[in-house]
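Presented below is the structure to which this report refers.
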Amino acid sequence: MASAIGYRGKNRLLAALPADDFDRYFSALERITLTLRSVIQGAAQPVKHVYFVEDGVSSVLTIMDDGSAVEVGMIGSEGMIGIAALLDGGSAPPQVIVQIPGTVLRMPIALCKCAFDESAGVRTVMLRFAADMLGLSTQTAACNRLHSIEQRCARWLLMAYDRVGSETMPMTHEFLAYMLGVRRAGVTTTAQELQRSGLIRYRQGQIVITDLEGLKALACECRRLDHERLNRML
């Protein structure tokens, strides 16, 4: 009998799976490239696939009846897209869009559900990730209510930095306002202030973090909690 090989890529959730389980259920994953702002999962649309992020970052959004939206979760190489549908096939899934381009590994939801149902090892790993995502969502709700736009903007940039490891990221003021659930004018004013303070540089649709420690000092406590949560997941 051949020995188990397991996963050798960048996604930390897959890397945490028992090698035998990965070889049995996940060895036929399909790698695809996601472009900026592409919709991976439409709000309230049937979920056909789950995605394990290797590079890049995606945002989980709550969409209101008037079309307004706010980010309630961020997923990078620590996790997967589609966990909600995996746990409860009857609930309406949130919308997920790409905020930083990268690659993901895709598999049919039915096959992932089979692995979840049949393997205690798979369930343990995925339920731990689901619990961490719930913690992130509840922290974000409190952050949006209690902290200033400046603190939230710094937190968001640092969360993205933690997941991609790069000080440079594609971003427009309009898209950042969409992520934070605030008016574009508010984000524009905040970004200009952060740039005047020497914390970031913004040009041609890109934000560059120029003072990482200064940005950390500005961010609210929620960033530290997210950083600790991410380290546990990794």
Sort 106-118, 142-154 for me by packing, meaning the mean count of neighbouring Cβ atoms within 10 Å per residue, highest on top. 142-154, 106-118
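Can you give the helix-only mean residue ellipticity at 222 nm for the chain, where every DSSP H stretch with n ≥ 4 adds -39500 (n - 2.57) and the sum goes over all residues, rounded to the nearest 500 deg cm²/dmol?
Numbers: 9 runs with 103 residues, N = 234.
Result for the chain: -13500 deg cm²/dmol, rounded to the nearest 500.
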Over the chain, with neighbouring protein chains present, the accessible area per residue in Å² at probe 1.4 Å is 48
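With +1 assigned to the C-beta of every Lys and Arg and -1 to the C-beta of every Asp and Glu, and no other charges, what is the dipole magnitude of region 87-234 about the Cα centre in debye, to the nearest 20?
Working: 18 positive and 14 negative charges, 37 e Å.
That gives a dipole near 180 debye.
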Can you give me the angle between helix 184-196 and the longest principal axis of the chain, using Cα atoms only, in degrees from 0 to 90, rounded to the nearest 10? 70
Roughly what angle does helix 221-233 make with the longest principal axis of the chain, taking Cα atoms, 0 to 90 degrees, to the nearest 10? 20
Kirkwood hydrodynamic radius of region 96-158, Cα pairs, Å: 14.7
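What does the charge dipole of region 1-87 about its Cα centre add up to, to the nearest 20 debye, if the Cβ of each Lys and Arg holds +1 and the Cβ of each Asp and Glu holds -1?
Taking the Cα centre of region 1-87 as origin, the dipole is about 240 debye.
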For residue 205, what charge total do you get from the other residues with a beta carbon under 12 Å from its beta carbon, if Lys and Arg give +1 and Asp and Glu give -1? +1
Rg(Cα) of the chain divided by 2.2 N^0.38 Å? 1.03
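Tell me, what % of the accessible area of region 5-56 is carbon and sulfur with a 1.4 angstrom probe? Kindly include the intermediate steps, with their values, before the conclusion.
Details: 1410 of 2890 Å².
The C+S portion of the solvent-accessible surface of region 5-56 is 49 percent.
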Can you run the Rg to Rh ratio on region 130-221? Use alpha carbon positions and the Kirkwood inverse-distance Rh. 0.95
Of all the accessible heavy-atom surface of region 105-234, with the other protein chains kept in place and a 1.4 Å probe, what percent is carbon and sulfur? 51
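The values are calculated or read from the model by the stated rules, or taken from the named source; none is laboratory data. Computed from a predicted structure; not experimentally measured. Neighbour counts run over all protein chains shown; Cβ positions are idealised from the backbone, glycine included. Protein only, heavy atoms only, side chains kept; ligands, DNA and RNA dropped before computing areas. Shrake-Rupley method; radii C 1.70, N 1.55, O 1.52, S 1.80 Å.
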